[in-house]
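I have placed the structure first, in the form of structure tokens, so that the comments after it can refer back to it.
A short reminder: the numbers here are calculations on the coordinates, not readings from a lab. Here the structure is a predicted model, which means the values were calculated and not measured. Positions of Cβ are backbone-derived with ideal geometry, glycine not excepted, and every protein chain shown enters the neighbour counts.
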Amino acid sequence: MNIVDSPRIIKIPETTSTSSYLREYLLEHPLPEGSVVMADFQTAGRGQLGNSWESDAGQNLLFSTFISPGVVPANRQFIISRIAALSVREALSRYVEDITIKWPNDIYWKEKKICGMLIENDLTGASIYRSILGIGINVNQEVFRSDAPNPVSLKQITGITYDIEEILHQFLQRFYGYYLDLLQGKEEKISHTYMERLFRRSGYHPFREDGRLFEACIYAIEPTGHLILEEKSGKRTRYAFKEVSFVL
Ligand code: BTN
């Protein structure tokens, strides 16, 4: 990480999407790695697989940050998801218990989704030259109206209204720490901690693959991010994101 210039925090009232804003901003203005764009409201918040991201104005933490790791080969890019997910999990665990990482990088409280992230990696040759991480944490919103299956906010859990920026700083402190670990080659440590923090880490649980419903346990997660499930018969299958889903 560039430790000469401190990362900047750019706050804006409204944009289409903080990730799109950050990408365009970087075309004109170089920023130190780890800088953040946060917005009170997004008119076109983007979720995974082309979905939209619901958030009432001023109620939630909506931000994007970026890193330029250089050292991460494209086929190991999942390490970036791991450090982002671990950082959110630890930040939220200061406020409530039972926060886990649902593979690949949703953050859950119990059986409900409290945070989603969209990671866009820009490649040069076989390495990542820049990764833009867009993160939405449900903080103070009391009602969700979209058809997202199981959203929850910190306030719905505890009844308390939270300082949104404080949560951002809790995240950043951990994220910069994990990013230094990544740059220092501590991939093993990161991957191990990620495994320990997974949703439904132990035991057999129901999954769905196309129409097939089956029970399996999480056997491993590869550096590429593929999930390996093991069924009671001992059969192991490797899945990319969206080839299999947890049955909630
Ligand atoms: C998901 O579908 O789970 C990912 C949601 C990511 C939402 C965040 S909000 C801040 C950033 N800007 C966006 O447009 N999307 C991400």
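Annotations for the structure displayed:
- Amide N of region 78-121 lying under 13 Å from the label point, which is placed 7 angstrom from the Cα of residue 143 along Cα→Cβ: none
- Region 1-68: antiparallel DSSP beta bridges as a percent of all, rounded to 5: 45
- Working from label points 7 Å from Cα in the Cα-to-Cβ sense, the residue 180 to residue 110 distance is 3.7 nm.
- Point-charge dipole on Cβ atoms (K/R +1, D/E -1) for region 63-211, about Cα centre, debye to 20: 220
- Positive-pole candidate from 66, 182, 218, dipole of the chain, charges at beta carbon: 218
- Exposure proxy ranking, count of Cβ atoms within 10 Å, fewest first, for 166, 142: 142, 166
- The packing ranking, built from the mean of other Cβ atoms within 10 Å per residue, places the peptides 22-28, 60-66, 96-102, 37-43 in the order 60-66, 37-43, 96-102, 22-28, highest first.
- Based on alpha carbons, the Rg and Dmax found for the chain are 17.8, 56 Å.
- Summary of the geometry: region 132-177 and region 1-76, compared by the centres of their Cα atoms, lie 15 Å apart.
- Shown for the chain are the DSSP H helices of 15 Å or more along their axis, judged by Cα atoms, with a mean Kyte-Doolittle hydropathy of at least 1.0: 78-93.
- Once divided by 2.2 N^0.38 Å, the Cα radius of gyration of region 36-136 becomes 1.11.
- Pair-distance distribution P(r) for region 132-248, from all Cα-Cα distances in 5 Å bins starting at 0: 2, 8, 14, 16, 16, 17, 16, 9, 3, 0 percent.
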